[in-house]
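Read-outs: derived from the displayed coordinates by stated rules, not from any lab. A quick note: this is a predicted structure, and the numbers were derived from the prediction, not measured. Neighbour counts are summed over all protein chains in view; Cβ atoms, including those assigned to glycine, are modelled from backbone coordinates with ideal geometry.
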Amino acid sequence: MKHAIRFASGLGSGDPPSVKIAFINSSAEPGKDGVGDYTYSLAAALRELGHSVLVIALRDRWLADPAHVITHDNAGGVSVERLPACLPLPERIDRAAARLKEFRPDWASFQMVCYGYHPKGLLFGLNRHLPRLAAACENWHVTFHELWIGFHKGALWKHRLVGALQRRSIKRAVRILRPKLVQTSTPLFRALLGTIGIEASVLPLPGNIAVEPETGFEWFLEILGEPGKAVVPEERKRHLAGGFFGAIYPNWNPEPFFSSLRAVVAKTGQKVSIFSAGRIGGGEEIWKQLPAVYPDFRFHKLGELSFGRVSQYLQNLDFGMAATSWLLIGKSGATAAMLDHGLPVMVTRNDYVPRGNIEVESLPDRLLIRADRDVSGRFLAGLPTWAPHPSVADLASNLVHWMEGAASASTGRA
């Protein structure tokens, strides 16, 4: 079902002067690294606004030859430097620092994903050399896409131990960089960072899928119908179509949500179709078992699609489904893509509860719906069909304003 789509306007006002921003992340192979794709889309949006952007991949796992350092401008006019993971760390740091000094950015933005910089997510080795990189720019910004592991109730003791080491190394990295602006993608991460003395704001994550024009949807109606008989537009409301985009985790449980769906269609008479688009990952076995457990539902595995097809797919669904837990939903790029398309998202897990007395702010997006709460009533009353959600262009504009504000505040304290 097509949804009316609206986006949040920028938080800042006026056009800021052109700035030079360098992004530091781990890998930058297009389509292979979620944070890398996020960085590319944000960098391209900043270029559209007239800013100069450099992306440095500090540990690119997709380059196997230590001599294969890639330096180029991508299609969006963004300068890119990719340093192979097989290069010795000191050499990668020195090359990155030299490139930063050559570029002379107003801001350097470190994209923090612990496992991107070390196989076990430990930053101690990086921290030994990080001061040389930190010295190459005065103003640092850090975005936390992931934190340490083992912080939730029921975590294995070895995960808690590794998490304690990760937490210590993260705290040290922040002390070295001395960022003037720290942001993260979820209220939970913001609260956890606060427990180690790091003050952060929540940065809404935009999706990486551009909204396509509302044309070319016949293929979806063919799949939705019976074999050899496409659903005609006049009969579309007789079908209730929900779907995943991306991974389904091995511990995902369709209950109680699927039972709630059964209760809904028992009253509406609709036919339920559940779709999966993209790579299912570890939940493949669960997906294979669903038709036998829910024979009254139809299941469709679409596999990997082009960006344009993904947009058409999302625009045709009645609701999205997320296998990420409620408190972690803000870091899901797949969920962000659904929200970008004005799609209400059923968050089907709420099993990730942090240890300790940690207060976590509620998620503000009205399109995010907890699937363990009166879902039947929400469906029968009518699901919301749009809500303001920041686009990548909004994020780029706001980021520059936030950086300006942080720099001004720092100058005022000096």
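So here's what we get for this one:
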| item | result |
| --- | --- |
| Sequence-distant residues sharing a close amide H with Ile70 (under 5 Å, placed H) | Arg82 |
| Cross-link partners of Lys171 among aspartates and glutamates (Cα-Cα below 16 Å; sequence separation of 8 or more within a chain) | Glu146, Glu199 |
| Normalised convex hull volume, the chain, alpha-carbon set, Å³ per residue | 157 |
| Cα-centred dipole magnitude for the chain, charges only on beta-carbon of K, R (+1) and D, E (-1), debye, nearest 20 | 1400 |
| Rounded to the nearest 20 debye, dipole of region 63-186 from Cβ charges on Lys, Arg, Asp, Glu | 820 |
| Exceeding the 32 Å Cα-Cα cut-off - candidates Lys153/Lys271; Lys229/Lys267; Lys20/Lys158; Lys32/Lys301; Lys237/Lys288; Lys158/Lys180 | Lys153/Lys271; Lys20/Lys158; Lys158/Lys180 |
| Largest-first principal axis extents, alpha carbons of region 260-300, Å | 34, 19, 15 |
| Rel. contact order, % - alpha carbon contacts under 8 angstrom, at least six apart, the chain | 19 |
| Pairwise centroid distance, computed over Cα atoms, of region 285-351 with region 154-206, Å | 28 |
| At least 20 Å along the helix axis (C-alpha) and Kyte average at least -0.5, DSSP helices within the chain | 34-48, 157-177, 392-413 |
| Segment Leu221-Val353, extension gain: residue separation times 0.36 nm, minus the distance between their alpha carbons | 43.6 nm |
| Full-extension gain in nm, Glu199 to Arg168, via 0.36 nm per residue minus C-alpha separation | 9.6 nm |
| Difference of contour (0.36 nm per residue) and Cα-Cα distance, Arg104 to Val293 | 62.1 nm |
| Positive-end extreme of charge dipole, region 218-381 - chosen from Gln315, Phe258, Gly282 (charges on Cβ) | Phe258 |
| Amide N of region 236-256 lying under 17 Å from the label point, which is placed 7 angstrom from the Cα of Glu285 along Cα→Cβ | 248-254 |
| Cα gyration tensor shape of region 236-279, rounded if a/c is under 1.5, else prolate or oblate by comparing a/b with b/c | oblate |
| Cα gyration tensor, region 138-228 - rounded (a/c under 1.5), prolate or oblate | oblate |
| Hydrodynamic radius of region 218-381 per Kirkwood, over alpha carbon pairs, in Å | 16.5 |
| Label zone at Ala210, where the point sits 7 Å out along the Cα-to-Cβ direction: region 46-70 residues whose backbone N lies under 17 Å | 46-50 |
